[in-house]
Every structure is written in C-alpha cells, then in structure tokens.
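Read through the structure below, which is laid out as structure tokens, and then see the notes.
The values are calculated or read from the model by the stated rules, or taken from the named source; none is laboratory data. From a predicted model like this one, the values you see are computed outputs, not experimental measurements. Positions of Cβ are generated from backbone atoms using ideal geometry, with glycine treated the same way; all protein chains shown enter the neighbour counts. SASA here: full protein model, heavy atoms, side chains in, ligands and nucleic acids out. Shrake-Rupley method; radii C 1.70, N 1.55, O 1.52, S 1.80 Å.
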Amino acid sequence: MKTVKLTHVFVYLLLVLFVPGVSLGQSDPGVQAGKRCVTVSGVTTCTGDELPSVRANDNPGILAFFLDGQKRFQDVESVSNSPTGNNGLGPRFNSVSCSSCHAQPAVGGTGAAMNPQFAFAGSATAPKDATPNFITATGPTREARFPFFFDSNGNPNPNNPNGGVEDLFTVSGRSDAGSCTLAQPSFALAEQTNNIIFRIPTPTFGAGLIENLDDSTLQKNRANNLNNNFGIGGDFNHSGNDGTITRFGWKAQNKSLHVFAGEAYNVEMGISNLLFTQDRPLPGEDGSGGSGGTGLPANCLNLSGGGYPEDNSNPAQTSNALVLDDVSAFANFMRTLAPPPTGGVVLNGVQVSQASINNGRALFSAIGCATCHNPTVGTSQPSSTTGSLGNAAVNAFSDIEIHHMGTTLVDNVSQGGAGGDQFRTAPLWGLGQRIFFLHDGRCTNLLCAIEAHESNGGEATTVEAIFDQQLTPSQQQDILNFLRSL
C-alpha cells in the first residue's frame, strides 16, 4: 500500500476548499425550482405564460384564442359523453389529455416528475390493461415503438422496418367504450428481444417562434455552422408535400404546430380530427409489414357515435374561439406560448455566481457545443398572428437541423428524411427545469446526457471528448451551471 504524507493531503484540502476554480468534481445542479420570469418594458412574463403581445391583445381576439386553447389543452378526454367538449378517446391511447404529458414546469412543457401513465391500468381509464414494465411512477412519460416487425418465430426482422407508435393502453372494459376489446401490444416480447425504443414529450414553450423562422434564415445559419473544426455536418428534414423544412418532433418530422397537434391527438389519444381523419390501427393491424392485418374491428370504430372526424369545428358556437376544432385550438395555444425565461441556479443549497454562468456560456461555445446548439438560430419573419412572433431573435439553443448521433443514441426509426441515428438538435431553452433528457428519457442528469453524445459515428463525439478530457472539473461545473440557467 502506498503511503501518502499527511502534509500533502492537508495542502490538497486547502486548495479544494479555499482556492477558486479547484474542485473535487462536478455535479448537475439539478432541476431548478420556482417560477422563472422576465420583465421587459414593464411587462412580466413567466414560464407557461402567453407572449406579451398576446396579453396586450394586439390582434383582437388572440388572447381569447390563447386562453381557450390553454383550457382545451388540459381537458381530460373520454370515449363518449365527455363533459369537456369534443371527444372520442381511443380505441388505443397513451394518455387522456395534452397537459398530462406536457406539464413540467408548467402547462405546455414536458413530462412531470410523477408519471400519470402509471395510474391508468386497472383504473376506469384502462380497466383491462396492465402497466408495461417501462412505465414507472417517477419515470418519464413515454410512448413506445418497435423498430422492426417480428418474424414468425417472434424475432425482430431487421429487413422489415416498423417504427410506428405502439399505444400503451386500450379502451377495453371502459363503461363508455361499448363492446370494443383490444389486446395491448407485445411489450414483454419487444423488451426481451431488444426491439423497443421510447420517446418522451418535447416542450412547446416558444414553439411559435421556431415555426415562424423562414427557411432561408435556417439555410444561411446552416452554412455558418458547417464552418467548424469538430466534424459536425447536419441537414434538415423536409416536408414530403411542399419540400420546405420541417422542424417539430424529435426527428423534426412535423412541418407545423398544427400538424404536430393533429398527429398527437390521433396517435397519442386516438382521436380522429380534421388533419388525421381516421381511427388509427397499430402497425401490423393496418396490414403493414406483411402482417395481413385488416384494420380495427368494426365494434371499435366510431366509438363516440358522432361520426368522423371526432374532433371537428363547431360552427354554431360562440365566442369566436369556441368555433375552432380542438387541434386548431391546441396549435394556437402552443404557437403563442412565450419562450421560457432564464434564471438563477442553486447548487447544493448555494446560489451559483453569475461569473460561473457567464464562464460556462463562453466555454459552451468555445468547445463546440454551440455549433449545433446555436444560442440564436436566427430572427423570425414578420407575423400576422401577433407582434411578439415577428422580427424576434429565436434564442432556442438549436439549429433545427438533424444530426447523426451514432450508435449510443440510434433508435433505428426513420421519419421523413431522418434516418435511424439522426435527431433534431433539441432546443435547450428551458433546460434548467427539465427532469428527463434525451429522446427516450434515459437520463435524469446532465452529465449522463452529455456523455451520451460521445458515440461511434456521432457528430458530437469530438466535442464531448473535449468536455470530458480537456476541461478542468471547475470548467465543466461552469458549463453545467450555465445549462441549468437556461
């Protein structure tokens, strides 16, 4: 055993305890509590609030649209006889309201600390279902996908790609679902054969600003980003309809907030709407993958009894906002949500200095993180919706591009032009108050999320290696403090 002189230990402890910049290690400050707000020109806006110009009602009626959409975003849906308006839950679903998945730290955010999905099975929500192993009380709110269809022996077939959402729950046994009875997907087999991947909800704060970025602005920004020494490329996903840049979802697969909302209403809650007009079978039930499926059984169709689409416009209603269908109301709400304000950071009960946060921001750019997580992706185009959406800096800490993330994060699911290991650069604004990280929620710690960026074939590998090997623990801590200030 080596002998260490006590004087050496004493000197080291003195350095650690009393010399700035010397640290035993680094740690994620963790989820920052409290309400984060910013005051500009006498107007205070907090996380989850409407844009300042919406509050001023600069486009007469826009505030009513925001408030109505915010309310509908929190409505709990049922199969039929819903007291909250449009309905039609199921036949399969992942949750029963938008806000159950988008709740942290305010309505419109991402998954909360307590997972609402954990309480569904065996309750009146999903009385005949079981809770999948990957859904836990304090784990991330998730959707599941099988990257590949199974062959006749129950093994995933890599030559037969799947990738569609496998809804967790069914309406079987509900008092408002009639005789519809469906089986849950084969989650146990998927886990056993390593043929399952997950996605967690993306936050929607500031999403209207991202939607209002012109394609040319994004392309010019990409050209600037390509001028780097870190081996980082990046490209855009594009709409199959008009060829323009898509920007929402983990793989930037959705063109607009309207499409984003319509898809979620149909896929996550099983509600047909004006954008997605049919009840959705599971992959395989629809005949894809050579399964021979013929769709949903007849007794699981039109469960609400009102015809299709279940979510429709309401022409006889007043006021104006109530005329809209739910999907349009959801989109208006998300579009006019303010971006999340930055805030102070508390680490181990002590307020972090602004100098540390400022140093972390400088290092974040210097080592290459900002090559993808651009502090400002550009300035939005003029807006006819509300003033705050137009000619505004979009400080999202994202380039809205898709990047190859390598073998560590690959999910073998392709969406639009994004391949199995490509993901949109996740916007980091609001990061300080998020609980779960990466597309599948595997990390609850920033160090875990950063480490996952080092991967065979991943564009961020060089940058992560610089963070890991060339920065001192104190410098790494400054970056972590900075990230939790966002």
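Report whether or not residue 159 is part of a strand (DSSP E or B) and free of Cβ contacts under 8 Å to residues at least 40 places away in the same chain. Spelling it out, residue 159 is indeed part of a strand (DSSP E or B) and free of Cβ contacts under 8 Å to residues at least 40 places away in the same chain. The number of residues in the range 263-278 being free of Cβ contacts under 8 Å to residues at least 40 places away in the same chain and outside any loop (DSSP other than H, G, I, E, B) comes to 2. The residue list 365, 383 contains one member that is touching a Pro at 6+ places or on another chain (Cβ under 9 Å) and either part of a helix (DSSP H, G or I) or more than 21 Å from residue 34 (Cα to Cα) (or both), which is 365. Here residue 472 meets the list (1) hydroxyl-bearing (Ser, Thr, Tyr); (2) open to solvent by 40 Å² or more (accessible area, probe 1.4 Å); (3) farther than 24 Å from residue 354 by Cα almost entirely, failing just condition (3). Scanning the range 162-172 for residues that are assigned to a loop (DSSP other than H, G, I, E, B) and closer than 16 Å to residue 187 by Cα, we see that the one that is most open to solvent (accessible area, probe 1.4 Å) is 162. A count restricted to the range 47-69 and to residues that are in a loop (DSSP other than H, G, I, E, B) and farther than 18 Å from residue 382 by Cα stands at 4. Restricting the range 279-305 to residues that are part of a loop (DSSP other than H, G, I, E, B) and open to solvent by 70 Å² or more (accessible area, probe 1.4 Å) leaves a set whose member that is nearest to residue 182 (Cα to Cα) is 301. Of the residues making up the range 48-63, those that are out of contact with any Gly (no Cβ under 7 Å at 6 or more places or on another chain) and open to solvent by less than 50 Å² (accessible area, probe 1.4 Å) are 49, 50, 51, 54, 61, 62, 63. Assessment of the range 452-467 against the conditions (in contact with a Phe, Trp or Tyr (Cβ under 7 Å, 6 or more places away or on another chain) and over 21 Å from residue 422 (Cα atoms)) yields no matching residue. Report whether or not residue 365 is in contact (Cβ under 8 Å) with a residue 12 or more places away in the chain, on the phi < 0 side of the Ramachandran plot and out of contact with any Lys or Arg (no Cβ under 7 Å at 6 or more places or on another chain). Judged against the criteria, residue 365 is not a match.
Remark: pairs (first residue in the range 344-359, in a helix (DSSP H, G or I); second residue open to solvent by less than 50 Å² (accessible area, probe 1.4 Å); Cβ separation under 7 Å; 6+ apart in sequence or on different chains) = 356/478; 356/481; 357/345; 357/481; 357/482; 357/485; 359/478. Taken over the range 317-339, residues that are modelled with pLDDT of 95 or more and part of a loop (DSSP other than H, G, I, E, B) amount to 5.
If you go through the range 220-265 and pick out every residue that is among the charged types (D, E, K, R), under 27 Å from residue 309 (Cβ atoms) and surrounded by 17 or more Cβ atoms within 10 Å (Cβ to Cβ), you end up with 4. A search for C-beta distances below 7 Å between a residue of the range 171-200 that is closer than 12 Å to residue 156 by Cα and any residue that is part of a loop (DSSP other than H, G, I, E, B) and not hydrophobic (A, V, I, L, M, F, W, C), counting only pairs 6+ apart in sequence or on different chains, returns 189/154; 191/133; 193/155; 195/147. Could you tell me whether residue 133 is closer than 22 Å to residue 409 by Cα, open to solvent by 40 Å² or more (accessible area, probe 1.4 Å), part of a loop (DSSP other than H, G, I, E, B) and at pLDDT 95 or above? Yes, satisfied.
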